[in-house]
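Reading through the structure tokens given below for one structure.
The values are calculated or read from the model by the stated rules, or taken from the named source; none is laboratory data. All values derive from a computational prediction rather than experimental measurement. Positions of Cβ are backbone-derived with ideal geometry, glycine not excepted, and every protein chain shown enters the neighbour counts.
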Amino acid sequence: MPAVEITSIIKDAIQNLKNIGLTAVICDQATTNIKALHLLGATLDPLGGEDSHCILMGVQRVPVVFDVPHLLKSIRNNLFKYGIKRRYRARRDEDAQRRQQYLDKERERWRKDIETGKKKTQKDLSAREQRVQRKKQREAGMKRRRAAKAKSARKLLLLEEKMKKAKTRIEMYKKRIQRLTNNNPSPRTKVNKLVRHLSAISLKRTLLFHSAVVEGVRAKYANAKRQSDKQIIAGIATNKILKKYRMQKLAEEVFGFSTRRWKERENPCKYERKKHEGVGAKLRSTVTSFFLRDDVSRFTTGKKQTVTRQKKKRQKRLLTDTLKNLYLKFLAEHPNLRLSFSLFCTFRPYWVVRPTLADRDTCMCKQHDNLGFIARKLYQQHVRRHLFNIRQQYAFARALKLNLPSDECVIHVDFAENYCCKYSSEIQAVHFGMSHQQAVLHTGVCYVGSESPFSFTSVSASRLKGPPAIWQHLDPILKDKFSRWDFTRGTWNFFEASHGKGAPDGVGGSLKRRADRLVSQGVDIATAFSLYQALCEGESKVSLFYIQEQAVEDAVSTMPTNLPSIPSTMMIHQVLTLSPGKILYWDISCLCSATGNLQCECQETKSFSLNPTDARKDVLWCHISNFYEIDKLHTIRMAPKLTERHISLPAFSKMRVSLATQVFSHTVSAGISAMVSLKRLPAEANDTGEFIAKINRLFDVLNSS
């Protein structure tokens, strides 16, 4: 323990003894003088009572009493002896021979203690003594580790302090070397050198040079017309050196610029000309957006399929068509824009390039590629539309039945699978032959809002299933079952093709199973009429009707043959008629139209006339003239040979065949169709385009012959 620390502890102990009037210390035998000294130096809390002038040290009181002078003297002697012994051990350990003799002597003493039984080895101790010994070893080990850790911390702190001082000295010497080796003196050094060593003539010349330079910069700055030039001059003059020597104010007065130039020193040339977004920028943006569309260019996925320009890397996009065709497509979509082909190509983004052979995918996975082909084919077959129609029509039928008012009904009809007539016992020729007749079952279920549903079926030998046959099957049912109701209107709805399974199929299956059971019981069902009779004889809740084959054929023969065909029949799912010969139809069924709201905005309402006179197509010359007026506004025309001479009516009255071929040509027909698709011409112009196409084919036939 250092002498300074011991002296401090003794002083604190004496001061505490004086403060509390302590005259004696009671210690146990295990308490050392050092512990007593530390306790005396601490803040003392008297116990009060009879023991208010004593200190209890240790666990229990023992009859060992030291007065204060005797205790301090004992402490001093022990510390003195401790210092002598420490120095003795240090001198002994420095000599290797003396240290070895000491170790041998201690080892011999340990061996004798073991032989005499004074000390025991670990294995000779009892279980309790072993636990006590291990505890002491653990405590001693922890004490050694703490001491070693504290020693390492003190050593580390000392080394860090030394390293800090060494770094400071290194930086000092580095700065000295830098100053000694620096050949670029500061402005102040240069001025001092000029004042001390140059003559008056040289000094005068130098000052004249500096004055001329300053005056030139001042004149340049004052006469500069552009803001960018002033920024460059001010950026050169407002530097860190002037700020270092605190000459900002003098520089402002000499050069003639304001204080704000010092704030703009970081970017001396930040002036930018204002960009005006004119027609060119908008046109470029329109063309760029057109090129980046997926139907114009396709995206590449390779990590090396990139294009870099001006340090901007972009992923390649490959054109899907030639630039000429894409230019025509762009003009058709933007007829009001006037754009040349060269400028169109100039506005093409640099990462949209023409495909090459190197851009082909030559390492495709067979399973993944086949899956892609399947998905593409399903998309071409309108599978998504098909699934949408299925779900929509089922949802419509379900909602219609759930929300059915008391004055409305839903009739669900369908043709069941034909029933093959059979005998209870047959010869081989009949069983395997083609002589079995078939009966057509037209089944249905009627849902009435205020009543329970009922089923009905019509049986016929006629295999015709067209619209006349359907109405012939429904005619007796409507007359018999629905004659007591006064119907005002109705709609005809269709499920998606091949997805109309429902209650009528269950009715048909029930009747055919019943017929097969009758045959197995000995009843012969050879014709459709015998099937009808057999089913009527049993107790059935299904209303049965028989339709004569001749009645179906008469209904087919009475249907007009000159009725026009409705376009896209397979896409129609709801039909409504309000007057004879005219229908309204929708691609998807809607409850709005079912309730009579024909101004429904859910679906697009389409109309069609079945009257031959109403279906007449008109060919109007105004469609051709309107097409010419639109086409002549484009730089690249769809019909370049069509001129004002062909369109004017006086010329038309005297038009020769050579002029007529320019009007009734394929380019005019295709152009009118394109304008109709772009909604630049009315839909009726399609009839004119079809007529021109027919005349063009007629001209081709005449020329070839």
Report task. Return a yes/no flag: does region 602-615 have any residue that is at pLDDT 75 or above, of a type in the set (Val, Ile, Thr) and surrounded by 14 or more Cβ atoms within 10 Å (Cβ to Cβ). Result -> yes
Query raised in the report: Is it the case that some residue within region 416-424 is surrounded by 19 or more Cβ atoms within 10 Å (Cβ to Cβ), among the hydroxyl-bearing types (Ser, Thr, Tyr) and not in a helix (DSSP H, G or I)?
Result: yes
Requested in this report: Taking the options Ala497, Ala528, name whichever one is at pLDDT below 85 and among the aliphatic types (A, V, I, L, M).
Outcome: Ala497
**Report entry** Residue that is nearest to the chain's Cα centre (by Cα), among those in region 292-342 that are assigned to a helix (DSSP H, G or I) and polar (S, T, N, Q)
**Finding:** Asn325
Query raised in the report: How many of the residues making up region 525-567 are without any contact (Cβ under 8 Å) to a residue 60 or more places away in the chain and within 60 Å of the chain's Cα centre (by Cα)?
Result: 8
Report summary line: Here the residues within region 474-524 that are free of Cβ contacts under 8 Å to residues at least 40 places away in the same chain, closer than 26 Å to His386 by Cα and assigned to a helix (DSSP H, G or I) are Gly506
Query raised in the report: Exactly one of (1) loosely packed, with under 14 Cβ neighbours inside 10 Å; (2) touching an Asp or Glu at 6+ places or on another chain (Cβ under 7 Å) is unmet by Ala497. Its number?
Result: (2)
Report summary line: Expected single match for modelled with pLDDT of 90 or more, closer than 30 Å to Asn239 by Cα and either surrounded by 10 or more Cβ atoms within 10 Å (Cβ to Cβ) or polar (S, T, N, Q) (or both) among Glu161, Glu171, Glu139 is Glu171
Query raised in the report: Does Glu252 meet the test of being within 60 Å of the chain's Cα centre (by Cα) and at pLDDT below 80?
Result: yes
Query raised in the report: Just wondering, is there one or more residues in region 585-601 that are at pLDDT below 80, in a loop (DSSP other than H, G, I, E, B), of a type in the set (Asp, Glu) and surrounded by fewer than 16 Cβ atoms within 10 Å (Cβ to Cβ)?
Result: yes
Query raised in the report: Right, Thr443: at pLDDT 85 or above, under 53 Å from the mean Cα position of the chain (by Cα), polar (S, T, N, Q) and surrounded by 13 or more Cβ atoms within 10 Å (Cβ to Cβ) or not?
Result: yes
Report summary line: Taking region 462-480 and keeping only residues that are surrounded by 16 or more Cβ atoms within 10 Å (Cβ to Cβ) and either closer than 16 Å to His412 by Cβ or at pLDDT below 80 (or both), one is left with Ile470, His473, Leu474, Ile477
**Report entry** Pairs, first at negative phi in region 116-140, second assigned to a helix (DSSP H, G or I) and surrounded by fewer than 10 Cβ atoms within 10 Å (Cβ to Cβ), C-beta under 9 Å, six or more apart
**Finding:** Gln130/Lys123
Query raised in the report: Any residue at all in region 305-317 that is under 30 Å from Met638 (Cβ atoms) and either at pLDDT 90 or above or surrounded by 14 or more Cβ atoms within 10 Å (Cβ to Cβ) (or both)?
Result: yes
**Report entry** In region 668-695, the residues that are surrounded by fewer than 21 Cβ atoms within 10 Å (Cβ to Cβ) and not in a helix (DSSP H, G or I)
**Finding:** Leu678, Lys679, Arg680, Pro682, Ala683, Glu684
Query raised in the report: Within the set of pairs 6 or more residues apart or between chains, which connect a residue that is farther than 14 Å from Val254 by Cα inside region 231-242 to a residue that is modelled with pLDDT of 75 or more with Cβ atoms less than 7 Å apart?
Result: Ile241/Pro187
Requested in this report: Evaluate region 553-567: report whether one residue or more is surrounded by 14 or more Cβ atoms within 10 Å (Cβ to Cβ), in a helix (DSSP H, G or I) and touching a helix residue (DSSP H, G or I) at 6+ places or on another chain (Cβ under 8 Å).
Outcome: yes
Query raised in the report: Among the residues of region 203-218, is there at least one that is at pLDDT 75 or above and not in a helix (DSSP H, G or I)?
Result: no
Query raised in the report: For Gly581, are the conditions met, namely being at pLDDT below 85 and either exposed (fewer than 13 other Cβ atoms within 10 Å of the Cβ) or not hydrophobic (A, V, I, L, M, F, W, C) (or both)?
Result: yes
Query raised in the report: Taking region 382-415, which residues are touching a Ser or Thr at 6+ places or on another chain (Cβ under 6 Å) and assigned to a loop (DSSP other than H, G, I, E, B)?
Result: Ser406
Report task. Kindly indicate whether any position in region 448-461 is modelled with pLDDT of 85 or more, of a type in the set (A, V, I, L, M), out of contact with any Cys (no Cβ under 6 Å at 6 or more places or on another chain) and in a loop (DSSP other than H, G, I, E, B). Result -> yes
